[in-house]
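Trainee: Before we start, here is the structure in question, set down as structure tokens.
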Amino acid sequence: MNEIERKYKNDGYVIFERIIPTEKINNILDALEEFKRKGLPFYSQSIHTWIKPPLDSNGFMSESMENFTRVMWLNKLSKYGNDILLSQEINECLKIINPSARKFVLWQNMLFDKSTGTIDHYDSYYLDTLPSGNLIGAWIALEDIDERCGPFKIYPGSHLEFLDTPYNKLNHENFRLMCANYAKKTEFKHALLKKGDVLFWHPSLIHGASIPLDEKYSRKSLTSHYYPYGYSKKGDDEDYSISKSLYRKIINKPKKRSNYQIMITGNAITDLRFSLGGLKIYLTSKIKGAITKKMDMKRTSYN
């Protein structure tokens, strides 16, 4: 077992320094600013619904984006996002953490312009592999992270307590409260990464983000999750109709895109369905004059 693999196993996380090239980061940051100017709808990770980019007084987008690389009208942002998320740089780190895996598949990504103060939680409640514990999360710093921005936070060693626990069967509110109670009595570390650094974490590691202390500081970053190719995903053990089974095994089967090193599920058809379905939800919410928050992940919504 290599040193990094051992640290990941014992602490539940590991940091690789300056692995993402500055050019790739600058490309996505430029595309992000262009996207904000256009004001096109996207799927929010923090409130789980489709909205237009809300900008604060500093010009930062106050809600995070989920699966932004799948939205068909975000071509430039999607391309530069994939240049990082599916890159050789990320792939090499994943292989060091899990040397037994031949290939990896991306499962869900997020983009943050500023910290949304995400509640403390662990990923395995929402998504993981079968058997559990083989998913790997990644948080990628697109700028130097200041302690006043509401940094990403981790609870080292917590993954040893929450792998395959009955807490996964709690409803979301009780799960949130359980994680919050654990966090109150446990020490955490802020991830004050430098531009190009990447933190990888175990799916059962408790993590979240602090509330910003100074709104003048952004927290530009990417989050993504990966699993070894060949593993089933959480939820794949559910009963499917014949049509859904064929869709999942044929159309939505993991595959490589272009010259990227990491695989991804779906194709242009599935991305089109995701985009058009989201546009329908967005327009419906505009007509009704209200937005339904399916699952609010913002710390301030509960304080």
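Just so it is clear, none of the values below were taken in a lab; they were calculated from the coordinates. Just so it is clear, the structure is predicted and the values come from calculations on it, not from any experiment. Glycine gets a Cβ as well: all are built from the backbone with ideal geometry, and neighbour counts include every protein chain shown.
Trainee: Go through the range 151-156 residue by residue and turn each phi into a ³J(HN,Hα) via Karplus (6.51, -1.76, 1.60, θ = phi - 60°); whole Hz please, and just put x for glycine and proline.
Mentor: x, 4, 10, 9, 10, x
Trainee: So what J values fall out for the range 169-176 if you push phi through Karplus, 6.51 cos²θ - 1.76 cosθ + 1.60 with θ = phi - 60°, rounded to Hz, Gly and Pro as x?
Mentor: 9, 5, 5, 5, 5, 5, 5, 4
Trainee: Let me ask something additional. Consider just the alpha-carbon atoms of the range 88-150 and return their Rg together with their Dmax, both in angstrom.
Mentor: Radius of gyration, then largest Cα-Cα span, for the range 88-150: 14.1, 39 Å.
Trainee: Moving on. At 222 nm, what value in deg cm²/dmol follows for the chain if DSSP H runs of at least 4 each add -39500 (n - 2.57) and the sum is divided by all its residues, to the nearest 500?
Mentor: Calculated mean residue ellipticity at 222 nm is -9000 deg cm²/dmol.
Trainee: Working from the pairwise distances between different alpha carbons, so that the mean of 1/r is found and then inverted, what is the chain's Kirkwood radius in Å?
Mentor: Numbers: mean 1/r = 0.0506 Å⁻¹.
Evaluated on the chain, it is 19.8 Å.
Trainee: Let me ask another. Please report, in debye to the nearest 20, how large the charge dipole of the chain is about its Cα centre when each Lys and Arg carries +1 at its beta carbon and each Asp and Glu carries -1 there.
Mentor: In debye, rounded to 20, the chain gives about 960.
Trainee: Output ³J(HN,Hα) for the range 273-280: one whole-Hz value per residue in order, computed from phi by the Karplus curve 6.51 cos²θ - 1.76 cosθ + 1.60 with θ = phi - 60°, and x for Gly and Pro.
Mentor: My calculation for the range 273-280 gives 4, 4, 5, 5, x, x, 4, 5 Hz in order.
Trainee: Take every Cα pair under 8 Å in the range 27-135 that's 6+ residues apart, average their separations, divide by the length, and report that relative contact order as a whole percent.
Mentor: It comes to 25 percent, rounded to a whole number.
Trainee: Same structure, new question: How long is the gain from HIS48 to GLU34 if the chain were fully straight, where each residue apart is worth 0.36 nm and the alpha carbon distance is subtracted?
Mentor: Length gained, HIS48 through GLU34: 2.8 nm.
Trainee: In what order do ILE154, ILE264 fall by count of nearby beta-carbon atoms within 10 Å, going from fewest to most?
Mentor: Placing the least packed residue first, the sequence is ILE264, ILE154.
Trainee: Let me ask something additional. Between the range 124-146 and the range 28-107, what is the C-alpha centre distance in whole Å?
Mentor: If we compute the Cα centre of each part, the gap is 14 Å.
Trainee: Taking GluC sites (Glu not before Pro) as candidate sites, keep only those in a DSSP loop with at most 11 other Cβ atoms within 10 Å, then name the longest stretch of the chain containing none of them.
Mentor: Between the exposed loop sites, the longest stretch runs 18-186.
Trainee: My understanding is that a pair violates if its Cα-Cα distance is over 28 Å; which of LYS195/LYS298; LYS216/LYS288; LYS79/LYS114; LYS153/LYS253; LYS169/LYS244 do that in this structure?
Mentor: Flagged as over cut-off: LYS216/LYS288; LYS153/LYS253.
Trainee: May I pose another question? Label-point separation (nm) for SER100 and GLU3, each offset 7 Å from Cα along Cα-to-Cβ?
Mentor: Calculated label separation equals 2.4 nm.
Trainee: Obtain the nm distance between the two label points defined at ALA268 and ASN252 by a simple spin-label model: each point lies 7 Å from its Cα along the Cα-to-C-beta direction.
Mentor: The modelled label-to-label distance comes out at 2.1 nm.
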